[in-house]
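Readers should treat all values here as calculations from the given coordinates under stated rules, not as data from a laboratory. Small disclaimer: the values here were computed from a predicted structure and weren't measured. Glycine gets a Cβ as well: all are built from the backbone with ideal geometry, and neighbour counts include every protein chain shown.
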Amino acid sequence: MTDNRNTILAVILSGLVLIAWQYFYNVPQMEKQRAQQQAQSELQKGSTPQPGASPTPGSAPQPGAAQPSTPAASPPQAVVSRETAIAASPRVKIETPRIAGSISLKGGRIDDIALVQYRETVDPKSPPIVLYSPSGTAEPYYAEFGWVAATGVTAKMPDAQTVWQQEGSGSLTPSTPVVLKWDNGDGLTFRRTIAVDDHYLFTIKDEVSNVGNAPVTLYPFALISRHGAPHVSGYYILHEGLIGYLGEHRLQEYAYSKIDEAKQVSFKATNGWLGITDKYWASALLPDTNAQLQARFSSNPVGKVHTYQTDYLLDPVTVAIGGTATANARLFAGAKEAGVVGINFPLAGLGGYNKALGLNQFDLLIDWGWFYFLTKPMFLGLDFFFRFFGNFGVSILLVTVIVKLLFFPLANKSYASMAKMKSIQPQLLALKERYPDDKVKQQQEMMEIYRKEKINPVAGCLPVLIQIPVFFALYKVLFVTIEMRHAPFFGWIKDLSAPDPTNLFNLFGLLPFDPTTIPVFGYYLALGIWPIIMGITMWIQMKLNPTPPDPTQQIIFNWMPLIFTFMLAGFPAGLVIYWAWNNLLSVVQQGYIMRRNGVKVELLDNLKATFARKAT
């Protein structure tokens with residue numbers, strides 16, 4: 001009865017993992033491939049929209065009681081290369097240790113940002129990650145700041161076509177801010193000072209001076225605009241799209257498809273921030289924490305391409321004759337590094353911008369998930385050891401040891417109970433022989449034996465139950481944190497966040513083809529060295545226990561390591577390394593406890609019996 005219960009529980013847990021893997025990993029991959037095929041089909045038909053299409057200039061939010069309006073779409077523009085678009089307007093260079101790019105003097109936009117410390121592939125010579133691109137390119141993405149005139153004000157405001165002049169010369173660096181100036185010719189002079197730190201934070205100070213013949217009322221605004229939905233990972237456990245933490249409205253997340261349906265949503269909030277996030281990169285507006293915001297998420301169709309925008313308006317300011325008004329804004333545009341963004345966690349959190357700027361839950365820019373109380377300490381532990389050893393793979397091994405130590409008392413009780421279960425196997429077999437046709441009597445006598453020996457029949461399942469939340473916490477950390485991206489281990493593992501690149505079915509690279517490209521079945525042929533090692537360690541752990549007397553149980557336990565080997569082959573290599581290492585530690589721990597409880601360790605006998613059966 002107990003063996004059957006444990007078998008059923010193991011099968012259920014394995015099924016849950018298989019279902020989760022299918023739902024979170026396999027299905028999104030197939031959807032992504034289907035979308036790519038559909039896009040290629042539309043391209044062949046000539047129906048693909050121009051990605052460079054954009055709204056008419058002046059897409060700043062508009063003041064008023066109603067929701068801000070979005071301007072009508074202009075006809076699609078011809079798409080030009082990023083280099084051509086950058087060369088088409090005068091610019092001020094951005095030069096920092098982490099960012100290379102430029103500010104367009106036409107429109108005063110920050111629309112050219114490349115993250116020089118991150119590359120597209122593990123090859124250090126591959127191109128850097130491009131975050132922002134100008135309007136007119138295939139994937140426009142930029143930030144814009146300025147003023148919106150109140151109703152009735154006819155003075156001309158700077159817009160996307162305004163050409164600013166730089167006061168002085170030189171590039172924007174962490175030590176040298178730049179100042180831009182524009183005179184509307186009607187008494188208003190606009191001056192913009194842009195500074196940047198040595199990470200990813202831009203600070204923008206907008207000033208307007210009025211030497212005209214009447215006061216003017218203006219609204220400061222800031223926006224982030226992205227034309228066309230980007231390629232997303234497509235995983236349920238990761239949010240990519242529009243995001244913000246808006247005061248009492250708390251965390252707001254809108255995937256691209258969700259905001260397409262809603263068109264636009266507005267919030268009035270204090271102490272908020274908002275932006276657009278990818279898996280590893282993000283762009284966010286960080287207004288003063290005491291500012292009253294009219295914030296908005298919107299999706300505006302331009303032909304068949306949607307323009308996604310997050311923006312806000314601040315309270316209006318009236319610039320008296322001879323007076324000056326000032327508005328401050330901040331922009332985060334870069335990699336979602338935990339140490340830079342910040343982590344809120346008791347005693348061990350990282351400050352970053354979240355603490356330095358007094359922001360409201362800015363660490364949620366990184367998608368720690370519902371189980372943040374597991375994922376955050378998991379990351380902090382990995383990061384702690386990385387600072388000592390410089391290798392996240394080694395960190396995974398050490399954190400696994402610590403997790404085993406934390407649960408050592410519970411696991412000891414579990415393995416001790418399993419050892420006692422093995423020691424009473426002769427008594428249980430005798431019960432079956434004594435009462436072959438009376439199952440109720442067998443159960444009663446069995447429970448009496450458990451009571452006398454103080455055995456918990458379900459204790460043997462605890463090690464598996466403990467491992468599952470740790471497994472998913474590590475999976476989440478490997479999946480969402482940029483620190484794990486392109487993080488190498490030893491040997492052939494160059495990226496712990498990616499699957500093992502080797503493959504058994506091409507003899508680990510000896511045969512010149514990729515088995516995963518085979519139609520239909522190729523996806524299931526990604527079987528590298530580390531998944532094989534993991535499967536072997538799991539098989540050894542199974543063989544540590546006596547062979548189950550029931551033939552059905554024997555089949556299940558014999559096939560389970562093989563099933564898990566193929567199932568985990570497509571998971572990040574760091575996760576497979578963790579599972580293999582955990583299996584090995586469990587074998588050592590269980591063997592020790594069995595010896596201490598006077599139970600024979602039958603590992604070698606079971607291995608010999610297995611190969612003996614195969615030989616016959």
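Applying the Karplus relation 6.51 cos²θ - 1.76 cosθ + 1.60 with θ = phi - 60° to region 119-124 yields 3J(HN,Hα) values of 10, 5, 10, 5, 6, x Hz, where x marks Gly and Pro. The Kirkwood hydrodynamic radius of region 158-207, based on inverse pair distances between different Cα atoms, is 11.8 Å. Annotation note: trypsin sites (Lys or Arg not before Pro) in region 257-293 located in DSSP loop regions with a Cβ neighbour count of at most 14 within 10 Å are LYS263. Backbone geometry of region 248-264 corresponds, through the Karplus equation with coefficients 6.51, -1.76 and 1.60 at θ = phi - 60°, to 3J(HN,Hα) couplings of 5, 6, 6, 6, 10, 10, 10, 5, 4, 5, 5, 6, 4, 6, 6, 6, 7 Hz, x marking Gly and Pro. Its Cα gyration tensor gives region 148-270 an equivalent ellipsoid; the semi-axes, largest first and in whole Å, are 34, 22, 14. Take the eigenvalues of the Cα gyration tensor for region 329-413, scale each by 5, and report the square roots as semi-axes in whole Å, largest first. Equivalent ellipsoid of region 329-413: 29, 15, 10 Å, largest first.
In this simple spin-label model, placing a label point 7 Å from the Cα along the Cα-to-Cβ direction at both LYS156 and VAL401 gives a separation of 7.0 nm. A protection proxy built from the mean count of other Cβ atoms within 10 Å ranks the segments 357-363, 156-162, 104-110, most packed first, as 104-110, 357-363, 156-162.
Taking amide hydrogens as placed 1.01 Å from N in the peptide plane, the amide H of ILE343 sits under 5 Å from those of LEU350, GLY351, each at least 5 positions away in sequence or on another chain.
For the residue pairs LYS156/LYS181; LYS93/LYS205; LYS279/LYS476; LYS404/LYS452; LYS263/LYS476, alpha carbon separations beyond 20 Å are given by LYS404/LYS452; LYS263/LYS476.
Straight-line reach from LYS441: taking Cα to Cα under 13 Å and skipping same-chain neighbours fewer than 8 places apart, the aspartates and glutamates in range are GLU433. Loop-located chymotrypsin sites (Phe, Trp or Tyr not before Pro) in region 171-245 (DSSP state not H, G, I, E or B) with no more than 13 neighbouring Cβ atoms inside 10 Å: TYR236.
Residue-wise HN-Hα couplings along region 396-405, as the Karplus relation 6.51 cos²θ - 1.76 cosθ + 1.60 with θ = phi - 60° gives them from phi, are 4, 4, 6, 5, 4, 4, 5, 4, 4, 5 Hz; Gly and Pro carry x. Any aspartates and glutamates with Cα under 16 Å of the LYS258 Cα? List them, leaving off those in the same chain fewer than 8 positions away. Once the sequence-local aspartates and glutamates are set aside, what remains near LYS258 is GLU240, ASP278.
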